[in-house]
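K.L.:
Sharing a structure, written as structure tokens. Questions coming.
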Amino acid sequence: MASINANHQADLTSNNQPKTPNSPLKRNKKRHIMPFFNLSLGISVLALSIIVLLPFVAMVMTTADIGVAGFIKTIAEPRVKAAIELSLKMSLLATLTNLVFGTLIAWVLVRYEFWGKSILNALVDLPFALPTAVMGISLATLYAPNGLIGQFFAPFGIKIAFTPIGIWLALIVVSLPFIVRAVQPVLAELSPEYEEAASVLGAGRLTTFRRVILPELYPALLMGSGMMFARATGEYGSVIFIAGNLPMKSEILPLIIIGKLESFDVQGAAAVALFMLMISFVILFAINALQWLLTKRMGGASV
């Protein structure tokens, strides 16, 4: 009995002793799952710096040649201000429109089985596959006053192509996949049991969607809308053919940049491009901050 107690005390003493730095447990903490982690990280940072960071730095350096006063003067030009207002307004309207219809399309693709579902799912990615110029020409042909669809609106005095309405329509088409592909996997992982439980407890369909489904979609909706808005503000190829490009009326911001480059005003074009970059950065930063707050709040509530 005494030997058993002695052995037990020896085991406790050995367990309470601190691990040596060369112990296998300590060494395993330093190992990474991915081999050659440092080399892979270095190549990734180098590639991002060359592809993404250096062009931005070059644009900032080009804009610095005209100084802060020149930058403000360029942005304050009447045509530039009108183009900024039009681009932001149409981008916001297109984003709000796609938030509704994109979520509806994602819901149909996830929750229902029907003939042609795979075709509809493939059509969602069609704006990514087609060149933007082809999309713009197609939309202008369809919605022109004598086009296949536009001719039905012409008798009522409604003009779609070559107006801000055409810009709004083009931005809806090119940015639709962002919200659908952001919401679709979240809906696929959301179990219908939560909806059934809410229905058993007496909640109506609208209440179930607002209190059960929508909170789960908030992070995906925010990310998708941020990507949509950033894409829409800089869209050029699909908009240029249907916008009309009338100064102070239907002239978009990317067209201002092209016009300044054609007139050899490189610094002015860089200033407008830098302003667009600042707008996109602020929007994406705000969206990511809201998404982080919502995710943290939902995670805290689930504990």
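K.L.:
I'd like to check something: does region 223-232 contain any residue that is over 24 Å from residue 135 (Cα atoms) and either assigned to a helix (DSSP H, G or I) or touching a strand residue (DSSP E or B) at 6+ places or on another chain (Cβ under 6 Å) (or both)?
P.N.:
Going through region 223-232, the residues over 24 Å from residue 135 (Cα atoms) turn out to be 223.
The next check asks that each one be either assigned to a helix (DSSP H, G or I) or touching a strand residue (DSSP E or B) at 6+ places or on another chain (Cβ under 6 Å) (or both); those that pass are 223.
Yes, region 223-232 contains a residue that is over 24 Å from residue 135 (Cα atoms) and either assigned to a helix (DSSP H, G or I) or touching a strand residue (DSSP E or B) at 6+ places or on another chain (Cβ under 6 Å) (or both).
K.L.:
Okay, next question. Out of 196, 189, 235, 216, which single residue is open to solvent by less than 40 Å² (accessible area, probe 1.4 Å) and of a type in the set (D, E, K, R)? It would help to see each step written out before you state the result.
P.N.:
Numbers: 196 fails: open to solvent by less than 40 Å² (accessible area, probe 1.4 Å); 189 fails: open to solvent by less than 40 Å² (accessible area, probe 1.4 Å); 216 fails: open to solvent by less than 40 Å² (accessible area, probe 1.4 Å).
235 is the lone residue from the list that is open to solvent by less than 40 Å² (accessible area, probe 1.4 Å) and of a type in the set (D, E, K, R).
K.L.:
When you go through (1) assigned to a helix (DSSP H, G or I); (2) touching a helix residue (DSSP H, G or I) at 6+ places or on another chain (Cβ under 7 Å); (3) without any contact (Cβ under 8 Å) to a residue 60 or more places away in the chain; (4) under 19 Å from residue 241 (Cβ atoms) one by one for residue 121, which number turns out not to apply?
P.N.:
Among (1) assigned to a helix (DSSP H, G or I); (2) touching a helix residue (DSSP H, G or I) at 6+ places or on another chain (Cβ under 7 Å); (3) without any contact (Cβ under 8 Å) to a residue 60 or more places away in the chain; (4) under 19 Å from residue 241 (Cβ atoms), residue 121 violates only (4).
K.L.:
While we're on this one: What number goes with the only condition from (1) under 30 Å from residue 217 (Cα atoms); (2) without any contact (Cβ under 8 Å) to a residue 12 or more places away in the chain; (3) open to solvent by 80 Å² or more (accessible area, probe 1.4 Å); (4) assigned to a helix (DSSP H, G or I) that residue 73 does not pass?
P.N.:
(1)
K.L.:
A further question on this structure: With touching a Gly at 6+ places or on another chain (Cβ under 6 Å), open to solvent by 30 Å² or more (accessible area, probe 1.4 Å) and within 30 Å of residue 293 (Cα to Cα) as the only criterion, which of 176, 222 stands out? Break it down into steps so the answer makes sense when it comes.
P.N.:
Numbers: 222 fails: touching a Gly at 6+ places or on another chain (Cβ under 6 Å).
Step by step, each of 176, 222 is checked, and only 176 is touching a Gly at 6+ places or on another chain (Cβ under 6 Å), open to solvent by 30 Å² or more (accessible area, probe 1.4 Å) and within 30 Å of residue 293 (Cα to Cα).
K.L.:
Quick one: in region 124-169, which of the residues that are more than 31 Å from the chain's Cα centre (by Cα) and among the aliphatic types (A, V, I, L, M) is surrounded by the most Cβ atoms within 10 Å (Cβ to Cβ)?
P.N.:
Keep residues of region 124-169 that are more than 31 Å from the chain's Cα centre (by Cα), which gives 145-148, 151-158.
With among the aliphatic types (A, V, I, L, M) added as a condition, the list becomes 148, 154, 158.
Values: 148: 10, 154: 14, 158: 12.
Filtering first and then ranking leaves 154.
K.L.:
State all residues of region 52-63 that are without any contact (Cβ under 8 Å) to a residue 60 or more places away in the chain and either over 13 Å from residue 273 (Cα atoms) or open to solvent by 70 Å² or more (accessible area, probe 1.4 Å) (or both); if no residue qualifies, say none.
P.N.:
52, 53, 54, 61
K.L.:
Please work out which residue is nearest to residue 95 (Cα to Cα), limiting yourself to region 244-286 and to residues that are β-branched (Val, Ile, Thr) and either surrounded by fewer than 21 Cβ atoms within 10 Å (Cβ to Cβ) or touching a strand residue (DSSP E or B) at 6+ places or on another chain (Cβ under 9 Å) (or both). Even if it seems obvious, please write down each step before you answer.
P.N.:
Kept after step one, since they are β-branched (Val, Ile, Thr), are these residues of region 244-286: 252, 256-258, 266, 272, 279, 282-283.
If we keep only those that are either surrounded by fewer than 21 Cβ atoms within 10 Å (Cβ to Cβ) or touching a strand residue (DSSP E or B) at 6+ places or on another chain (Cβ under 9 Å) (or both) too, we end up with 258, 266, 279, 282-283.
Values: 258: 25, 266: 31, 279: 15, 282: 16, 283: 13 Å.
Of everything passing the filter in region 244-286, 283 is nearest to residue 95 (Cα to Cα).
K.L.:
Next up: Does region 76-106 hold any residues that are open to solvent by 60 Å² or more (accessible area, probe 1.4 Å), in a helix (DSSP H, G or I) and out of contact with any Phe, Trp or Tyr (no Cβ under 8 Å at 6 or more places or on another chain), and which are they?
P.N.:
Residues satisfying the conditions are 78, 79, 81, 85, 89, 96, 100, 101, 104.
K.L.:
On to the next question. Which numbered condition in (1) more than 17 Å from residue 295 (Cβ to Cβ); (2) open to solvent by less than 70 Å² (accessible area, probe 1.4 Å); (3) free of Cβ contacts under 8 Å to residues at least 40 places away in the same chain; (4) in a helix (DSSP H, G or I) is the only one that residue 202 fails?
P.N.:
(4)
The values are calculated or read from the model by the stated rules, or taken from the named source; none is laboratory data. As the structure is a computational prediction, the values presented were derived from the model and not from experiment. A quick note on method: Cβ atoms are made from the backbone with ideal geometry, for glycine too, and the neighbour counts reach across all protein chains shown. SASA here: full protein model, heavy atoms, side chains in, ligands and nucleic acids out. Shrake-Rupley method; radii C 1.70, N 1.55, O 1.52, S 1.80 Å.
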